[in-house]
Structures are given as C-alpha cells and as structure tokens.
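The values are calculated or read from the model by the stated rules, or taken from the named source; none is laboratory data. Given the structure is predicted, the values throughout are model-derived calculations rather than measurements. Here the Cβ is made from the backbone with ideal geometry for all residues, glycine too, and neighbour counts use every protein chain on show. Just so you know, the surface numbers come from the protein's heavy atoms only, side chains and all, with ligands and any DNA or RNA stripped out. Shrake-Rupley method; radii C 1.70, N 1.55, O 1.52, S 1.80 Å.
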Amino acid sequence: MSIMLEKVLEDIYKGLEDPEFSMAISRSVSNAEGKHLRVKESYPYVEDLRLRVLEAKKKALENIDYYIDQLARSLERNHGVLHIARDRDEAQSLLGDLVGSGKLVIFSKSIVAEELGLREYLESLGNQVWETDLGQLLIQLEHGKPMHTTAPAIHLTIEKAARLVREKLGAELPSSPEPEDIVSAVRRFLREIYYKADVGISGANAVAADTGSIVLVENEGNIRLVTGYPPIHIAVTGIEKIVPSLNDAISYALVQAAYAGLFPPTYLNVISGPSNTADIEHRRVYGAHGPRELHLILIDNGRRQALLDPGLRDHLRCIRCGRCQWECPVWHHTANKWGGPTYGGPMGVLWTAITLGKEAGAELSMLCLGCARCDEVCPMEIPLSSLIRGLKRVYSSKI
Amino acid sequence: MPPSLPALIGCRYLLDVRSILRILADNIKRTGLPVPGDPGLLTSWSTGLDLPEKGDVILYTGGLYQLLPYIEEFAEYLEKLEGGKAGGLLLKAAGKLRRLASLSKIVVRPSRERLEYSRQVLVSIVELLKSAGVEIAYPRSVDSYSGVLLYDMGLDTVFKEHARKVAEALESVGAKTIVTIDPHTTHVLRKVFPRYVEGFAPTVKSYIEVLAENIDNLQFKQGDAGRVVIHDPCFYARYEDIIDEPRLLLGKAGYTVVEPRRSGRMTYCCGGPIESIAPRLSRRIAETRARELDEAGGEIIATLCPICYSNLRRAYRGLGLERDIQDLSILLYRRLGP
Ligand code: SF4
C-alpha cells in the first residue's frame, strides 16, 4: 500500500476543520494525559513490572525462534493449535480455512485483525461478523478507523455515537441520551449474538512461551464472552507478543493497562487451552462450558525483517499501550489520522514502517516534530523520535 | 523546535516537500545559509562591541536568532504574492524545482523592529556573560549556521559535509569552551556533531548554563520584577536537560516563575518544525500552546529559543491576543544593575 504525505495531510485538515472531531479528541486528551504517572504513584510496583517486561521482551526478541518453538510445544501440550502466517494473505487464508462461510463470528478488539483486514475478509466469505468492544463496534458501524490504540472511538461525541446506534442497529434511544443509554442498547443487541456465535476471535496482549498461555486484559468484559462462549476461539497476534514466561505475560498485560491509564484492569484473562473437564471418571473431555477448540495464529507481516533492521528493531518492544499517542502534540490534533491506515501517532508511524514498508513510514515521518515527548513516556524505552528521524532520512534520500 | 524546511525558505503552502529539501540543500551548499542572504548578517550585530577574536571561551551563535527575522519576512512576502498575479503563477508552479529555485534567490528585508530585537538578544547575552565575569571572545569568521535543519530533515549527506566544515573552523581557533545561545545549536554541536565528525568532541555550553554556573557574580536590581510564565523549549528540556538553570536565573533577577501546564521535562512543542509542511496543523499546535501559557496567569511569557519566540508571537497575533512575550536574555538583561 502506498502512502503519500500530501494525501495524509488532506485528511488531517478535514479533521482540523471538524469541530466535533477536534473537541472530542481534546476532551479525551485532557482526561488521559499524564494518567500513567498517577497510576504509578498509587502503585509503585508498576515500575518493577515495567522493568521485568522490558527485559523479557528484549530476551524474547533476541531469541524469537527458540521461543516460537517452545510456545508451539506448550500449546500442543494444552491441546491448542499454533499456526504461523507470513503475511496478510496467509493470515487471511488460514483464518478462512478455520472459519469457513455462513458463520456468525464475533471479534473482541484486535488491532492486528485490523492490520490484516480480517473482519472484512471474513465478511467477504459470507460470514456475519460483529465487533463486540463498544468503541470498535462504533468504528465498524461508521466504516471508520480506530482513532486510538486502546480507545478506538475517542473521536466520536455522544451525539454521533447515538446517531450510529440508532441508525445502524435500529436501537431506540431517548432524544438526548446519556452514555448509559447507548451502552445498554448495545448490550441488548449483542447478548443474543454472543449466545449464537460460532467463532470468537480475539487478539492477545501477550503470549507466554513456557505455558502456552494467551493473556488478555480488558474492562468491558466482552473478551471473556468472545473467548469463552463460542465453541471455537481463535486468537490472532504478532510474533513480538511472545515473552518467555507466564509471569512475564501477566506483567505485560498489567503494564499495558497501567500505561494506558486504565488501572487496575477490570478483567485479566489467561487462556492456556480449550475448556475441559475430567469430572467424569477422571477422563479428560475438551469443550466443557467454553470453547472446545483453541487456535493461535502468529503473524509475521514484516516483523522478522524489522528485527534485522537497526532502524526499526527497537520498536518491536512496543506493547501498544497508546501512551505515546496521549502525549504527542501532533496526535493531539490529528488522532490516528496521522500514523498509517491501521496504527496511529508516533508508534503508528513505526508500525506502519514495519508492516507496510519503510517507504510508507517515511512519508508519515515528515510530520513528526521531533519534540521527544513520546520518548519521555514510553514504558519500553523505545527511542521513538530517533527512529522516526531515521525514516526522515529514507524520505530525504529520494530528493 | 527547529523550523521546517519550507518554513526556512518561506513556503507556507502544500508543496512538493522533496523539491523544497533540494533547494535547502543547494542554498546551504552555496552560501552556508538556509535562506538567501549575505553571510555578514550573522555577525553584523557585534559591530561596535568590544569583543576579542581570540580566547579560551568563545561564542558560537549558530545563526538562528539572526536568521529568524529573514525567515518570517520571506514567509510573509510569499503570502502577499499569493494574492497577486505573479503569486498565482509562482504557486501553481511551486512544485517545479526551477521556479522554487528562483524564489529562493529573492532578497528579503525584515522589518527594522524584528532585526533590532534579534540584535538586542545577542547584545544582552554578551553583556550578561561579561557581568557574570566570563571572558568571552567572538571569532567572527568562525560563526556560521550550524546546519541543524539538514540533520532534522534527514539530509544526512549534506549535513555531514556542512558539519565537517563548521567543526574544522571551530577547531582552528583552539578554544576550550564553546558557548552557544539557542537550544538547537547547543544540541547539534554537543550531541550530534561528535557522531558525524570524527574526533570532534569540544566542551559546549549554552549561555544559560554558563550564567547559572556564575550566578553569584551576577548583580540584579532589587525588588519584584513580575510574574513570568516559562516556556521550556523541547531541546533544552528533554535533549539537554537544561531546566533548572533558567528558573534559577529568573528567580535571582527578581521574577516569580509561573509553571504552565506541561512544563519542564514534559514541556510542549511550539509547532515550529512542521510549520510549512503542514502550516495549519503547526498553527493549531502553536495556538494550543499559546493558550495554555496564557492560562498560567503571568504578566510576561519567557521563551528561550528564537523559533519558539517567533511561533508563539505569531500564534498570539492569530488568536487576536496581545501578549508580552520576551526572550529570556532580554528579561535578565533588563534587571542587571545594582
Ligand atoms: S511506543 Fe511505547 S508508549 Fe507508544 S504504544 Fe508502544 S509501548 Fe506504548
């Protein structure tokens, strides 16, 4: 996919001229900016967890093949199945084979699924597909793009959200609805879908190589339902999410929540295989109350090559907490309109370079101020502004 | 923040950025300056000042303070052109290198007021250093534009060559300490040059650090000088860890320092670096910052960088607000005395 600086700017300017968009973002920013500091003040051990995760990520990325092998063995032991996809096409066809057509499929928010266009692909195969995270569902309804990593619908005011829910879901709402009205309308709509769904698709915050566990952190509770209700659960995630141990993986999810400013997280899910019981004659049966099948699709899509590139390697440590977005002056005025088709903000420029190529990232890099507020807050100590300056070099080498 | 390339050659429209980069590179290769102008403009401020050419401690301005009025003026010149016939034509052809190149040869004459302000900043810095007991020399022939913009825009090959020339000149005068006056030049000389020029590892200090080291020698007038909202530049605060020094100095000079939202290490950008690649976006960022400095509730707003000064001044004008915005050096100099 080619990206052009001038086109990106056109879209950004549209946002600047849209008072609803600007107001919604500035409201969210004033609530979220600096929130990680307050979390760390109340829970000082978050700093120890951060350092633990930083080391774990470095170790895993340096020995990625070793940990992928270990993960495959662990998952097999737990009766889960590991699949590896090199790129977008492979990921889509793998998933297509697992899901088939004519199914009811539910997603919990996964940015990797966005990266790979999985929802649209499954729809094209003739499946009915629904997002279940409230923000992500609103994005699905407006055919838009998530505007923040952990808060996808921050650009929508309550009025706009109500309009979407009314028009697209046929929900009845009071004329000036409260957030509660929208939430309960969506809950009513999704209840039956959860119950009937054939396949639940989630992402993963982290994956533990030693136990084969997938760790997911959330507040809404939709991930529990998506991963626990349908007979088949498929998790899709990047190879960079693997860490050596379950201890690391749980720390990972906690640090992600802390830096997202959402602490303590309401739910922490650990999934180490399909649901099972041995309550009858001590004979193991898979598919008790939860899914009978668990699949984990690990995605490369540019990540391995980035590991070999000193200009991108460090960014694979990113845990997608979205902190750099909340602190970036450019992002404060553009949200994810700057950063690429899937990702946004400082981390987005670099994820775009990893997943779509350095040339694509280079076009975006020219809007970076180089102010380094992102460097200051990143829990994984990624030198974001220097890496982005490296992409400027790619851009300028073409003059 | 460093101004963007198009800002430096004065283009505020959505242009083919690569053509602009090419012109910047050409300008610097030809004259050593990013904008068309006489290299003498870097040193003319020192005429009449009794500054030795040689010494252990030398001043290297890097040229940003002197260049900013030209950059602003060039931008305004182009804006005026936009309204007229010639402007229409020029802008239509703006993506084409040759036309842009001819634009880059236009001679601009900044207002006397703006030139005078820059001169005052430079003179104030020298007077402050002298009052602090620093024996400062100014080897005029060595002063130059540091090339920071080439680095910021990823024009590495041209930057490397430029840096080598600047470093050679600086080394030729054999000073022990180089004193810089703006955050960008400080950073590029201290942290970037050593990576690009083999064996170049001078002691570089911002004049603010030098003044803070010699604060006991500085004598200021007695009494309350008012409430000053401080706008830390990103490069001092995050890249060079110069945060306490300006506060110390302002305090000693009798000012009450007021911290805005987002200050010190988490200070906010003035929008400068993307000013003309994305003028409207840059302006929004500047306005956001201008408003929050305003909300801090001081009488004066202090900047420590010529680019912040220029951008915030313009942002206030755009917002229709009249605000007293002053360079740190001016505020300190005003208060010198028994
Ligand atoms: S780059 Fe750092 S701050 Fe930004 S999302 Fe990734 S981990 Fe968080």
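Which percent, nearest 5, of DSSP beta bridges in the range B:219-333 are antiparallel? Mind showing how you got there, number by number?
On the way: 0 of 11 bridges.
Looking only at bridges with both residues in the range B:219-333, the antiparallel portion is about 0 percent.
Using 0.36 nm per residue, how much length does the chain from A:Glu17 to A:Asp198 gain when fully extended, once their Cα-Cα distance is taken away? Before the final figure, lay out each step's value.
Numbers: separation 181, 0.36 × 181 = 65.16 nm, distance 4.29 nm.
Between A:Glu17 and A:Asp198, full extension yields 60.9 nm more.
Basic side chains Lys and Arg get +1 at the Cβ, acidic Asp and Glu get -1 at the Cβ, and with that the dipole of the protein assembly as shown about its Cα centre reaches some 1180 debye. Classification of the range A:256-307 by its C-alpha gyration tensor yields an oblate form. The axis ratio a/c (a ≥ b ≥ c) is 1.5 or more, and b/c is at least a/b. Solvent-accessible surface of chain A, taken per residue with a 1.4 Å probe and all protein chains present: 39 Å². Summed over the residues of the range B:112-233 and divided among them, the accessible surface reaches 39 Å² per residue at a probe radius of 1.4 Å.
For the pair B:Glu299 and B:Leu321, the difference between a 0.36 nm per residue extended length and the Cα-Cα distance amounts to 6.6 nm.
Rounded to 0.05, the FRET efficiency of the B:Glu116 and B:Ala201 pair, given R0 = 35 Å and the Cβ-Cβ distance, is 0.40. Heavy-atom accessible surface of B:Lys130, to the nearest 10 Å², is about 80 Å², with a 1.4 Å probe and all protein chains retained.
Summarising the label geometry, the points placed 7 Å from Cα in the beta-carbon direction at A:Arg77 and A:Ser245 lie 1.4 nm from one another.
Using DSSP to define loop residues, name the trypsin sites (Lys or Arg not before Pro) in the range A:217-289 whose beta-carbon has at most 12 other beta-carbon atoms within 10 Å. Could you put the intermediate results ahead of the total?
On the way: sites: A:Arg224, A:Lys241, A:Arg283, A:Arg284; in loops: A:Arg283, A:Arg284.
Passing both the DSSP loop test and the Cβ count: A:Arg283, A:Arg284.
Only Cα pairs under 8 Å and 6+ residues apart enter the sum, and on that basis the relative contact order of the range A:42-301 stands at 27 percent.
Share of antiparallel DSSP beta bridges in the range A:42-301, in percent to the nearest 5? Can you show the working numbers first?
Numbers: 10 of 35 bridges.
About 30 percent, rounded to the nearest 5.
Proximity of backbone amide H atoms, modeled 1.01 Å from N, is registered between A:His83 and A:Leu296, A:Ile297, A:Leu298 at under 5 Å, excluding neighbours fewer than 5 places apart on the same chain. Placing unit charges on the Cβ atoms of the charged side chains and taking the dipole of chain A about its Cα centre, the candidate lying farthest along the positive direction among A:Leu216, A:Trp338, A:Asn247 is A:Asn247.
In the range B:118-206, a dipole from Cβ-located charges (positive for Lys and Arg, negative for Asp and Glu) runs towards its positive end, and of B:Val192, B:Ser144, B:Gln120 it is B:Gln120 whose Cα lies farthest in that direction. Summed over qualifying helices (DSSP H, 4 residues or more, each -39500 (n - 2.57)) and divided by its residue number, the protein assembly as shown shows a 222 nm mean residue ellipticity of -14500 deg cm²/dmol. Taking every protein chain into account, the 1.4 Å probe leaves A:His315 with about 0 Å² of accessible area, to the nearest ten.
Of all DSSP bridge pairs formed entirely within the protein assembly as shown, close to 20 percent run antiparallel. Magnitude of the charge dipole for the range B:219-333, about its Cα centre and with charges confined to Cβ atoms of Lys, Arg (+1) and Asp, Glu (-1), is about 360 debye.
Within the accessible surface of chain A, defined with a 1.4 Å probe on protein heavy atoms only, the carbon and sulfur portion equals 50 percent.
Stretching A:Phe189 away from A:Leu169 to a fully extended chain increases their span by 6.4 nm, per 0.36 nm per residue minus the current alpha-carbon distance.
Which Cα, out of A:Thr132, A:Ile64, A:Ala206, lies furthest along the positive dipole direction of the range A:42-301 (beta carbon charges, K/R +1, D/E -1)? Of the candidates, A:Thr132 comes out farthest on the positive side. Distance from the Cα centre of the range A:320-384 to that of the range B:169-203, in angstrom? Answer, in whole Å: 30. When B and A come together, around 3200 square angstrom of accessible surface is lost from both chains combined, probe 1.4 Å. Hydrophobic, long helices, defined as DSSP H runs whose alpha-carbon span along the helix axis is 24 Å or greater and whose mean Kyte-Doolittle value is at least -1.0, occur in chain A at A:45-62, A:179-196. Placing a pseudo-label 7 Å from each Cα along the Cα-to-Cβ vector at A:Thr266 and B:Glu168 gives an inter-label distance of 6.7 nm. Other protein chain C-beta atoms within 10 Å of residue C-beta, averaged over A:323-336: 3. Counting only protein heavy atoms and using a 1.4 Å probe, the accessible area of A:Asp300 comes to about 20 Å².
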